Structures are given as C-alpha cells and as structure tokens.
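Heads up, the thing below is written out as structure tokens.
The values are calculated or read from the model by the stated rules, or taken from the named source; none is laboratory data. Here the structure is a predicted model, which means the values were calculated and not measured. Don't worry about glycine lacking a Cβ; one is built from the backbone with ideal geometry, like all the others, and counts go over all protein chains shown. Ligands, DNA and RNA are excluded from the accessible area calculation, which covers all protein heavy atoms including side chains. Shrake-Rupley method; radii C 1.70, N 1.55, O 1.52, S 1.80 Å.
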Amino acid sequence: MQDKSAYEEFDVVIVGRGPVGVTLANLLGLCGVRTLVLEREARTYHLPRAVHFDDECMRVFQTIGLADAILPHVILSPGMLFLDAAGKLLLDWLRPQTPTPMGWNLSYRFHQPDLEDVLISGLARWPHVTLRNRCDVFALDQDETGVRVRYEDLSNGKPSEVRAHYVIGCDGARSLVRRFIGSAMDDLGFHERWLVIDVLLKRARDDLGDYSLQHCDSSRPATYVRGTGTRRRWEITVLPDEDSNDVAQPSKVWELLSRWITPQDAELERAAVYTFHSAIAEHWRSGRLLLAGDSAHQTPPFLGQGMCAGIRDAANLAWKLAAIIRGDATAGLLDTYQSERLPHVREFIELAIRLGGVINTKAIEAGLAAGEARENAPVKLDVKKPLLGPGLALGDLPLAGHLAPQFVLKDGNRSDDRIGYSHVLLADSAGRPGLSQAGINILTSDDAEGVGSWLHEHGLIAALVRPDRYIRATARNDAELDRLIAAITPPTHVPSAA
C-alpha cells in the first residue's frame, strides 16, 4: 500500500464547483487555506438556474473582492406581486431601490452562468487554490488525521486520490458527500412538480414588466420572473394527471405561455419539469465531512433564497475552517456550524412553503398572515432575515445573532473593505480600557460616523462582529465590555481581498 505521505495533500477539498462551492473556495483562498475543488463536469452549465440573490450575498461577494466584477451582470428587482385569478392584487412584496444597511441592494436578478464564470475566474488570484474539472469523486475514507478522497479523472479514465483535513460537499441535492455522512433528510412536506420555462425575447415586451408576478390561480398557478437582458422565465404548475415529458414539449409549452407571449415574441431556450422540494439534512457534519448548499437543504423557489442559503453556509463555514487549520481553534468550533445555520435556513424554507400555499391558493390565510395588513390596500409582505441559531453568539446580550450593518468610512469606502474577512470590534471610542490589548481590528466613529450613532441607538458601547458579519457579542457597559474582550480568544484576522 502506498504511504499516506506520498499523496498530494490539501487542507480542504470541496466537491462541486457551483456558486456555493466556488464562493467557499474563494473565501478559503482569502484565508490562505490550501484548497482543491473537484468538479465532475467540464465547464459551467450553460442554461439558467438560480436567478436571484440578496444584499447579504452581495456582501459576501464584496468580501472576496468580486462584487465590482459581478455588478455588470445583474439588474435590480423592484419586488414581487401576488395576483388572484382575475388579476387583482392580493399581496405585494416591494424591494427598496436604495442600499440596505448591508451596503447593497435587497434584491438582484442574474444569469447563473455569468455569476459562476466570475466566481471561477476569481480563483486564479489564489495560488494555493486548485480547480480540477472532469473529476468524479467516488470514495471518501476518514481516519484520525484526515480524509482520503478518491476520484476518477474522466478525461482519461484514470483513478486518482488526494488527502485533505476536511471535505465539504457542495455537490447538490443528490450529494455523494451526504451519503458518506449517512444523513437522512428531514422532509418539511412540500413536493410539487413545476414546468420551468426560460425564453429569450425577440422584440421588446415592456408590458411584461419588471416585477416578479405570482399568479395565484387555483386552476394553474404560475410565476413570471424578469431576467437579465432579454431573458424571461415562467414557472407553471404541472397538474397531477399530466405527464412530465408531455407537458415539456414545445407545442404544450407555447399553449401554456399563450396568455403572455407567442413564438413570434420569443425563442424557447429551455423547458423542463422540476420537482420543488423542502428538506433539510439531519446531519451536516460527520467528523471531517461537511455539507453546504443544496446538499444540506432544499427549498421551494418562491422566496428566491435557495442559492442565498448556500452562500451563507460558505460564509459561516470558511472562517471556522481557517481558524482550525491555523491552530487558532479546535475542531469543536465546527459544532456551531449546523446549530447556527439550520434554524436560519429552516425559517426561510417554512416561509417559502407558506408563500407557495398562497400561489397555489391552498392556504391563502396562512400565507397572508406572513404579511402586514393595511387598510383598503393589499397585504404587504416584509420579510425579516432570521437570526442565527445557538452557537458562538452570546445570546443574552442585545443584537447577538443579528447581522451587523456595513458603514461608510470617512474616505467614502465601505467598512468591510477595510476589515476584510475577520473579526472587528465596533466601539464608541478607541480609548476605552482594554481595547488596545484585544488584538483585533477596531472600528470607531473616528473611522465612520455611523458607528457611534448605531451603537447609541441600541444602547451599546461596543459590538463584536464575526467575519461572516453576524454579531457575536455586545456590551452596554464596561463590565460587559470586559466579557466581550475575553470572548476574543483567539482573534481571527484575514487580509482584505485584493
């Protein structure tokens, strides 16, 4: 048997080169972690899939230094309208067209191949990150020191293997890594077939509008989504007695689209039946094997939060892995990954299921209860981001587990660009006792005027913010500040993206 030391070694192997896997690889690259990405396919999948991400995702893309490269490929979404069968407005979910406290807009539309190309190109900045396409992983063997990763190079049919300290499965709903973990799925009960249709307009159709439209029609619920450029998408429910193959045939597709467009208006790019699921893996980790993205959870698309959830997984996981690999933390830190992320993603999935009930007119009252009633007007939906589940946040303190805002520095730049992917202490004054010994980035009102006003608004003198921008602890007085500083052991510092 070949000596373990003869194998090529990496700190982390990521299985899957989709948006979640490549975002994780960029974050690990930023942390200086030796990373290998193994992908079965030769190139980016060319057809549309995910079409929406939010301000928190764009903040992660900012962290890895790729937000400016992504901006030309996105458009802003004005929001979503829910209409009954007669076209009457039931519920509106408007998205502000100004930046949120995250420093970015609340809702972006995009073409997934464009996003993936930018993220993959970003890997070239990190000499310690390697991407290998056409590599099909078939075995993962853990021992006390690492994981033996065996895969086939599909370009020549030869088997190969490497060793890694950790393996992250970003390999989708049919995840191989999840099978090796041995995790069952917690079924949240939503499973429906929908026909997803992507078209390219041949001529201007401004009347279709920029809003996403949910047609809450009990005879045939449907969704319309404005994409980038000439791209438009419809998602239409497949009825129980319909055959999935038959309903995806062009003649049937154009019949279903006839109330909105005709073949003279658009070219059919793709029509396929998908079953939308709601499920969460029971175990996101077994020793050195972990899950992220669709391998850990699947949601109906009605909130546009599927890919967003995976990007949050990556942001939560990368800095923890880096701290362990550097020796700044024990492997027990990874126990906080599922405990923090699972309640967060479950809340989003359950809301998506409720909205699916509205669209299908099966649970109108339950769905509308998610919104805010207004006199003589449709219900308005205002989705608040969930809090982290229990983990590193000191939950008995104000704002622990909430996202921290991003501040505008006095030089006009964004605060995340100065902080990098690291902890930062927000303080009303740099001169407070103990801060100079904290060994951590400090941001005060001297750096950004908004820091002091935000702290005072919440009755705080300081807040400790993690690399994934969630608040770990806060202090209302000097005693709590001492406790907060004690929590910074050890600090996690990572340079800003180039």
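Side notes on the structure shown:
- Full extension of the segment from R205 to A69, taken as 0.36 nm per residue of separation minus the current Cα-Cα distance, would add 46.1 nm.
- Mean separation of Cα contacts under 8 Å, 6 or more apart, over the residue count of region 222-328: relative contact order %: 14
- R95 long-range amide H proximity, modeled H, under 5 Å: G79, M80
- Pairs of lysines in the chain (C-alpha under 24 Å apart; 8 or more residues apart or interchain): 7
- Solvent-free Debye calculation, one equal scatterer per alpha-carbon of region 1-153: log10 I(q)/I(0) at 0.13, 0.16, 0.21 Å⁻¹ equals -0.71, -0.93, -1.30.
- Ordered from highest to lowest accessible area with the whole protein assembly present and a 1.4 Å probe, E41, E161 read as E41, E161.
- Placed amide H near G227: partners under 5 Å, 5+ positions off or other chain: R232, R233
- Solvent exposure of region 1-134, expressed per residue, is 38 Å² of accessible area, with all protein chains present and a 1.4 angstrom probe.
- Per-residue HN-Hα couplings for region 68-79 [Karplus 6.51, -1.76, 1.60; θ = phi - 60°; Hz; x = Gly/Pro]: 5, 6, 7, 3, x, 9, 10, 10, 7, 9, x, x
- Amide proton proximity set for E269, modelled H, under 5 Å, gap of 5+: D198, V199, L200
- Taking chymotrypsin sites (Phe, Trp or Tyr not before Pro) across region 19-72, the ones in a DSSP loop with at most 15 further Cβ atoms lying within 10 angstrom of their Cβ are Y45.
- In sequence order, calculated HN-Hα J values of region 397-411 (Karplus, 6.51, -1.76, 1.60; Hz; x Gly/Pro): 10, x, 6, 4, x, 8, 6, 7, x, 9, 9, 8, 6, 5, 8
- Computed [θ] at 222 nm, helices only, for the chain once each DSSP H run of length n ≥ 4 contributes -39500 (n - 2.57): -7500 deg cm²/dmol
- Electrostatic dipole magnitude of region 49-106 [Cβ: Lys, Arg +1; Asp, Glu -1; Cα centre; debye, to 20]: 100
- Assuming charge only on the beta carbon of Lys and Arg (+1) and of Asp and Glu (-1), the dipole of the chain about its Cα centre is about 480 debye to the nearest 20.
- Per-residue 3J(HN,Hα) values for region 318-324, derived from phi via the Karplus relation 6.51 cos²θ - 1.76 cosθ + 1.60 with θ = phi - 60°, read 4, 5, 5, 4, 4, 5, 5 Hz in sequence order (x marks Gly and Pro).
- Options (1) 1.32; (2) 1.86; (3) 1.01 - which one matches Cα Rg over 2.2 N^0.38 Å as calculated here: (3)
- A simple spin-label model places pseudo-atoms 7 Å from Cα toward Cβ; at L154 and L94 they are separated by 4.7 nm.
- Computed over the chain: relative contact order in percent, which uses C-alpha pairs under 8 Å that are six or more apart: 16
- Inter-site label distance for A486 and E267 at 7 Å from Cα along Cβ, in nm: 6.6
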